[in-house]
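Inspection log for the structure reproduced underneath, given as structure tokens.
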Amino acid sequence: MKNIPSVMLRWLVDFLVGLLPPPQWRVPVIVAAGVFSGLGLLAFHISNASAYLSNDPKACINCHIMRPQYATWKHSSHARVAVCNDCHVPNENPILKYAFKAMDGTRHAFMFTFRLEPQVIRMHAPGQWTVQNNCIRCHKDSLQDAAHLSVDWMDVKNGTGKLCWDCHREVPHGRGNSRASVPNAIVPQLEPLLPGLSEPKNSSPSAP
């Protein structure tokens, strides 16, 4: 029994050594690993990926197409009590929350990269059920009818129940579900990708 730690350590060392490339390939592999690591860090910085780990609603407008949703939320009553993650992400536990964000974020990144986003933004099924659960979670004390608290996805599919926003359709985003909605909304501008590369200020022409 006393030799088990040393055996495991030796097995781990042998395993790591086995992963090393042949001596003649080590320099090219190290260079390639450095290049890909640098590109990965650059992509992480440009996409502001760390913002998605926070609850800051500004993370949702890293993509220009979400500006109508940000603007309509900002001017709603929900803006005083809830942020995007309170509605659009499961809040039962941290593991489920970040697993959902990872899956949803990967899906969004793929769609935005290959320009597959639709003109009108609509939630897919997992997102709809997440928002429904969060509506009930936040408003359960004000819901007197037990039927409202027991609506599940099968009820909605079978037509025997309704989602909250089937009735409360203007909450909180109003009709701002299109990429062409609220074109003149005042929302925070995207930060420059690299320091010192801000947009030039308009200068008035000098007098003759």
Report yes if Ala102 is within 30 Å of Pro183 (Cα to Cα), assigned to a helix (DSSP H, G or I) and among the aliphatic types (A, V, I, L, M), otherwise no.
yes
How many of the residues in segment 52-67 are surrounded by 15 or more Cβ atoms within 10 Å (Cβ to Cβ) and either of a type in the set (A, V, I, L, M, F, W, C) or part of a loop (DSSP other than H, G, I, E, B) (or both)?
7
Taking segment 1-59 and keeping only residues that are over 21 Å from the mean Cα position of the chain (by Cα) and either in the same structural domain as Asn91 (by TED's automatic domain parsing) or of a type in the set (Gly, Ala, Ser) (or both), one is left with Ser6, Gly18, Ala32, Ala33, Gly34, Ser37, Gly38
It is to be established whether one or more residues within segment 25-32 are under 30 Å from Asn62 (Cβ atoms) and out of contact with any Lys or Arg (no Cβ under 6 Å at 6 or more places or on another chain).
yes
Is it the case, given these coordinates, that Ile95 is among the β-branched types (Val, Ile, Thr) and part of a helix (DSSP H, G or I)?
yes
For segment 119-135, indicate whether the set of residues that are surrounded by fewer than 11 Cβ atoms within 10 Å (Cβ to Cβ), among the β-branched types (Val, Ile, Thr) and more than 30 Å from Asn184 (Cα to Cα) is non-empty.
no
Within segment 29-50, track down each residue that is of a type in the set (Val, Ile, Thr) and either assigned to a loop (DSSP other than H, G, I, E, B) or free of Cβ contacts under 8 Å to residues at least 12 places away in the same chain (or both).
Val29, Ile30, Val31, Val35
Determine whether Asn85 is within 30 Å of Ile46 (Cα to Cα) and not in a helix (DSSP H, G or I).
no
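The values are calculated or read from the model by the stated rules, or taken from the named source; none is laboratory data. Everything numeric here is computed off the predicted structure, so don't read it as measured data. Glycine gets a Cβ as well: all are built from the backbone with ideal geometry, and neighbour counts include every protein chain shown.
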